[in-house]
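What follows is a short report on a single structure.
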Amino acid sequence: MGRQAVLRRQAVRLVGLVAAAALAAGCAAEQKAAGGGDAGGTAGVTDTTIRVGGVLTKTSASGYSTKDAEIGARARFQRANDAGGVHGRKIEFIGAEDDNQDAAKGDAAAKKLVQKDKVFALVPVHGPNFGGAVFLEQQGVPWFGWATGPQWCGTTTGFGYNGCLAPKPGAGSQTWWGNQMAELVGGSGGKTVYVQTTDSSGSKYGGKTISQSFEAAGFTIVGINSGLPAAAPPPDWLPYVNKIMTSDGGKAPDVVVSIIAGTKFNVGLYSALKKAGYKGLLTDATSYDAAILKDPATAQALEGVIAAPMFEPFESGAPEIAQLRADVEKAAPGTVLTQHLAIGYWSADIFLKVLEQTGKDLTRERFLATANGSFSYENAGFGRIRYPKDHNEPNGCGALVTLEGGTFKVAKNMKCFDNVPLK
């Protein structure tokens, strides 16, 4: 073969190698632009960013909405980014999908975020009927939020900021609500409790665990009603009110606990109870919502309610709450603070703490190993969390606020109690 022929062949090979290298570089750049992995191949992670997105119930037929959790998460992520990120990587928060309180839509939203948007993790996840748990567990994708339903419990990838609120029998079940109420009223001896839930699985299970919380604190349970349809408030509350008003041996109980997701439900129930002459205590987990203060009729219906948030109230003077307020005001000036906003904020805060402890070499496997390897974190804003323990039981922490004269006031600051085995 002549010298010219050899040179031509070498030139052809060189052109081919250059073209292949250019194609590979182009693919890598395209992957990175789409939120793909870094050299380690971890989806959602580059040398400078970590991509996350959430799933919320922004709209639903019942009117229940958790959309404010997106603001809370964004505010916490912005503070982290302003400080330089975590180990040099800033959080690329792409926002949250809407599951419309539909399990199938929640599953589709989770798949979109992982398969199309290439997120590293889902933060926040906050919907009573979230349906993406099985997919995320199969894929080994971390997700953080309010663990209100059984789909959170027993997983290795789902991290409730408050632990698992639907433990299995024998696992630890929360006592903080009953204990906080007992301390508030000066003792539970001789006092009776009636629990009203809807027919949704999460609400019914909540009725079981919360009733045991009050029993553990010394109250006597005189009724649990799970016959209220979850789809919409009933046109007539009288059948439910009659059961409550005669549940304690023909008279009304001392305390009515509402495990119902939505202000409209509680307004209807409490208004009907007050009309029937109920003079006892009303308590629930969702009425701590500044939005109700804007409507005088709603505020009047909820006057006197004792709400039970699983975080330190906004009216507290704790430094952690002052920081939350400052973060939210910087990220979204003028935003009204709500319970769902706080849940998004604290879920993001715990996610960031796990990232910090995982270190610079970030993969989902290393992240999950850190989170599930005797992880412990305490913060006066939400109490404490301990994984993997709290994959299977609540964190045992909560506070109480009262609505008096159209203003929320701290009744009991955040406090943590030991759980008891669920019966």
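From the gyration tensor of the Cα coordinates in segment 132-224, what semi-axes in whole Å does the equivalent ellipsoid have, largest first, with each one equal to sqrt(5λ)?
Numbers: eigenvalues 183, 36, 18 Å².
In descending order, the three semi-axes are 30, 13, 9 Å.
Can you work out the accessible area per residue across the chain, with the rest of the protein chains kept in place, probe 1.4 Å, in square angstrom? It would help to have the intermediate numbers written out before the result.
On the way: 17220 Å² over 423 residues.
Accessible area per residue, the chain: 41 Å².
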Margin query: Quick check: Cα centre of segment 255-280 to Cα centre of segment 380-423, how many Å?
Written below: 22
Check: How many angstrom separate the Cα center of segment 147-178 from the Cα center of segment 43-99?
Finding: 23
Margin query: Shape verdict for segment 184-305, please, from the Cα gyration tensor: rounded (a/c under 1.5), prolate (a/b greater than b/c) or oblate.
Written below: rounded
Note to self: Given axes a ≥ b ≥ c from the Cα gyration tensor, I'd like to know whether segment 345-423 is rounded (a/c under 1.5), prolate (a/b larger than b/c) or oblate.
What the structure shows: oblate
Next item on the list: Determine ³J(HN,Hα), in whole Hz, for all residues of segment 149-165 in sequence, where each value follows from phi through the Karplus function 6.51 cos²θ - 1.76 cosθ + 1.60 and θ = phi - 60°; x replaces Gly and Pro.
Entry: x, x, 5, 7, 7, x, 8, 10, 10, x, 10, x, 4, 10, x, 10, 8
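May I ask you to derive the FRET efficiency for Leu184 and Gln138 from their Cβ-Cβ distance with R0 = 60 Å, giving the value to the nearest 0.05?
Working: r = 44 Å, r/R0 = 0.73.
For R0 = 60 Å, the calculated efficiency reads 0.85.
Pairs Lys58/Lys105; Lys118/Lys360; Lys90/Lys118: which exceed 18 Å Cα-Cα? Can you show the working numbers first?
Working: Lys58/Lys105 12 Å; Lys118/Lys360 20 Å; Lys90/Lys118 16 Å.
Among Lys58/Lys105; Lys118/Lys360; Lys90/Lys118, the Cα-Cα distance tops 18 Å for Lys118/Lys360.
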Check: Taking only C-alpha pairs under 8 Å that are 6+ residues apart, what is the relative contact order of the chain in percent?
Finding: 19
Note to self: Please compute the modelled spin-label separation between Glu303 and Asn372, points set 7 Å along Cα→Cβ, answer in nm with one decimal.
What the structure shows: 5.2
Checklist line | Formal net charge of residues neighbouring Ser374 (Cβ-Cβ distance under 10 Å; K, R +1; D, E -1) | finding: +2
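Which value at 222 nm does the chain reach when only helices count, each DSSP H run of 4 or more adding -39,500 (n - 2.57), with the total divided by all residues and rounded to the nearest 500 deg cm²/dmol? Each step should come with its number before you reach the end.
Values: 12 runs with 154 residues, N = 423.
Rounded to the nearest 500, the figure is -11500 deg cm²/dmol.
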Checklist line | Label of the coordinate-derived value, log10 I(q)/I(0) by the Debye sum over Cα atoms at q = 0.06, 0.08, 0.09, 0.14 Å⁻¹, listed as (i) -0.27, -0.50, -0.63, -1.50; (ii) -0.24, -0.43, -0.55, -1.29; (iii) -0.28, -0.46, -0.56, -1.24 | finding: (iii)
Notebook entry, point to check: What does a probe at Glu404 reach in segment 298-322, counting residues whose amide N is under 15 Å from the point 7 Å along Cα→Cβ?
Noted result: 303-307, 315-316
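Going down the table (Lys208/Lys279; Lys275/Lys415; Lys67/Lys168; Lys294/Lys423), which pairs top 31 Å between alpha carbons?
Working: Lys208/Lys279 25 Å; Lys275/Lys415 34 Å; Lys67/Lys168 29 Å; Lys294/Lys423 41 Å.
Result: Lys275/Lys415; Lys294/Lys423 exceed 31 Å.
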Check: Taking a ≥ b ≥ c as the square roots of the eigenvalues of the Cα gyration tensor of segment 322-368, is the shape rounded (a/c under 1.5), prolate (a/b larger than b/c) or oblate?
Finding: prolate
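Place the peptides 77-85, 63-71 in order of packing, highest mean first, counting for every residue the other Cβ atoms within 10 Å and averaging per peptide. Spell out each step's value before the answer.
Working: 77-85: 16.7, 63-71: 22.3.
So the peptides 77-85, 63-71, ranked by packing, come out 63-71, 77-85.
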Check: Local charge sum around Asp327 (other residues, Cβ-Cβ under 9 Å, Lys/Arg +1, Asp/Glu -1)?
Finding: +3
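The values are calculated or read from the model by the stated rules, or taken from the named source; none is laboratory data. Since the model is a prediction, treat every value here as computed from it, not as a measurement. Cβ atoms come from the backbone with ideal geometry, glycine included; neighbour counts cover every protein chain shown. Each accessible area value is taken on the protein alone, full model and side chains, heavy atoms only, with ligands, DNA and RNA left out. Shrake-Rupley method; radii C 1.70, N 1.55, O 1.52, S 1.80 Å.
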